[in-house]
Amino acid sequence: MQVSVITLFPEMFDALSDAGISGRAIKQGLLSLATVNPRDFTEDRHHSVDDRPYGGGPGMVMTVGPLSQAIDSAKTNMNVPGKPSPKVVYMSPQGKRLDQQVINELAQQDSLIVLCGRYEGIDERLIDAEVDQELSLGDYVISGGELAAMVLLDAMIRQLPDALGDSESASQDSFASRPLLDCPHYSRPEDIAGRVVPSVLLSGDHEAIRRWRLRQSLIRTRDRRPDLFAKLQLSDEECKLLDE
Ligand code: SAH
């Protein structure tokens, strides 16, 4: 998968390419991550990428010219003959809220361009002309699209085949195939000042452990996220586990 991020702060993406699961996936070439800086496409002395808003008011707006050239450059660099042009997403508090389903769909793409805003945002005409989808982290405002883009990319990378080692299976995670929260996890030691690991996990009885974990997931989802629980189609076994 090829990803180009349009950003005024390319160095922020070192956090993604240097560390952990995302770093390993990028080093293995499961995902190629490039950044394009709109500032490289400015012609004035100050390399301006923003200007005052028409109509007045506080803050600055990212202008169309440098962004549009940065997107063109990303498209040219990613161009694979015969493949469709990459989808362009803009990280924005006004977009569709990110969830596992949105992430899984995007992880199927061969290529993606992710646009990060700064200041008051981007001139609306660039969004109209270039952006296929706006995506939000949630109902709050952060200072720039970079952290949002990194959340999106990290979550997508986890879904790429071979990105996780055997011991890190994404299929066990919350939301993996259904809106179900993960079960609680424990490791050594067995006893921490009287707080002990549930005995079933020490039993070696794999079927009992599976049932216990499933029951915990169901109870957690019901108690913590009634909104998700309402969407769950429960199997006969799951109904019985909840009744126990
Ligand atoms: N004036 C804008 C906010 C601008 S914040 C508004 O009220 O809608 C600057 C940039 O940060 C945005 O262009 C966007 O790229 C990013 N951003 C801020 N909050 C975000 C969120 N919740 N999700 C994704 N991106 C966000």
| Normalised by the residues of the stretch 178-243, what does the relative contact order come to in percent, with Cα pairs under 8 Å and at least six apart? | 43 percent
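Could you tell me whether the stretch 1-128 comes out rounded, prolate or oblate from its Cα gyration tensor? Rule is a ≥ b ≥ c as square roots of the eigenvalues, rounded for a/c under 1.5, then prolate if a/b exceeds b/c, otherwise oblate.
Details: a/c = 1.72, a/b = 1.59, b/c = 1.08.
It is prolate, given that a/c is not under 1.5 and a/b is the larger ratio.
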| field | Interchain or long-range residues, amide H under 5 Å from residue 122's placed H | value | 62
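Plugging the Kirkwood radius over Cα pairs into Stokes-Einstein for the stretch 95-201, at a temperature of 25 °C and a viscosity of 0.890 mPa s, what D comes out in µm²/s? Please report the intermediate quantities before stating the final value.
Numbers: Rh = 17.0 Å.
Result for D is 145 µm²/s.
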| said: So, for the chain, what is the accessible surface per residue at a probe of 1.4 Å, expressed in square angstrom? | reply: 59 Å²
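I'd like the antiparallel share, as a percent to the nearest 5, of DSSP beta bridges with both residues in the chain.
Percent antiparallel among DSSP bridges in the chain is about 15.
What does the convex hull of the Cα atoms of the chain come to per residue, in Å³, rounded to a whole number?
On the way: hull volume 47.6 nm³, N = 244.
Once divided by residue count, the hull of the chain is 195 Å³.
Considering only protein heavy atoms and a 1.4 Å probe, what is the carbon-and-sulfur percentage of the accessible area of the stretch 1-104?
49 percent
What's the carbon and sulfur percent of the stretch 132-225's accessible surface, probe 1.4 angstrom, rounded to a whole number? Numbers along the way, then the final one.
Numbers: 2870 of 5850 Å².
Roughly 49 percent, rounded to a whole number.
Tell me the relative contact order for the chain as a rounded percent, counting alpha carbon contacts under 8 Å between residues six or more apart. Please list the in-between numbers first.
Numbers: 336 pairs, mean separation 44.3, N = 244.
Answer for the chain is 18 percent.
Give me the number: length gained by fully extending residue 40 to residue 176, i.e. 0.36 nm times residue separation minus the C-alpha to C-alpha distance, one decimal in nm.
Details: separation 136, 0.36 × 136 = 48.96 nm, distance 3.98 nm.
Net length gain for the segment: 45.0 nm.
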| message | Using just the Cα positions, wrap the stretch 96-141 in a convex hull and report its mean projected area in square nanometres, one decimal place. | response | 3.8 nm²
| query | Cα axis of helix 145-159 to longest principal axis of the chain: angle in degrees, 0 to 90, nearest 10? | reply | 50 degrees
| remark: For residue 120 and residue 187, extending 7 Å from Cα along the Cα-Cβ vector and measuring point to point gives, in nm, a value of 4.9 nm
| Count the lysine pairs in the chain that are 8 or more places apart or on different chains: how many have C-alpha atoms under 22 angstrom apart? | 5
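The values are calculated or read from the model by the stated rules, or taken from the named source; none is laboratory data. As the structure is a prediction and not an experimental result, all values here were calculated from the model. Here the Cβ is made from the backbone with ideal geometry for all residues, glycine too, and neighbour counts use every protein chain on show. When the accessible area is computed, the model is the full protein with side chains, heavy atoms only, and any ligands, DNA or RNA have been set aside. Shrake-Rupley method; radii C 1.70, N 1.55, O 1.52, S 1.80 Å.
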